[in-house]
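The structure appears below as structure tokens.
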Amino acid sequence: MIRRLFYLALGAYAGAWATRRLQALKPDHLARRAADRAVGLAAGARQFADEARRLSAGRESELRARYGLDDFEVIHHHDVKDGR
């Protein structure tokens, strides 16, 4: 009797587990998970770009101070050909 109850409970658990796994494979659920991951990936890329910009700006200001380029004026030569 106990053995039958054990196997009945095991079967119920396996059925519930299989049902949940199959529902996770529905197209709307897959699309929602993919969209959530894409949003998370975009947020991570945005955070990485912000951090890289911040660090490069700090390093640029250090180099400008070291080499005395704080008052350096950038000269653009628009009339120079690019070799084509």
*asked:* Looking at region 35-80 only, could you name the residues that are of a type in the set (A, V, I, L, M), modelled with pLDDT under 90 and surrounded by 10 or more Cβ atoms within 10 Å (Cβ to Cβ)?
replied: A65, L69
*Please list, ordered by first then second residue, the pairs with beta carbon atoms under 7 Å, 6 or more apart or interchain, first in region 40-52 and without any contact (Cβ under 8 Å) to a residue 40 or more places away in the chain and on the phi > 0 side of the Ramachandran plot, second loosely packed, with under 10 Cβ neighbours inside 10 Å and part of a helix (DSSP H, G or I).*
none
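Those residues that are among the basic types (K, R) and within 35 Å of the chain's Cα centre (by Cα), I need them from region 1-37; list them, please. Before you say what the answer is, go through the steps one by one.
Residues of region 1-37 that are among the basic types (K, R), as a first pass: 3-4, 20-21, 26, 32-33, 37.
If the condition is that a residue be among the basic types (K, R) and within 35 Å of the chain's Cα centre (by Cα), then R20, R21, K26, R32, R33, R37 are the ones that fit.
The values are calculated or read from the model by the stated rules, or taken from the named source; none is laboratory data. Please read all numbers here as calculations on a predicted model, not as lab measurements. Heads up, the Cβs are rebuilt from the backbone with ideal geometry, glycines too, and the neighbour counts pull from every protein chain shown.
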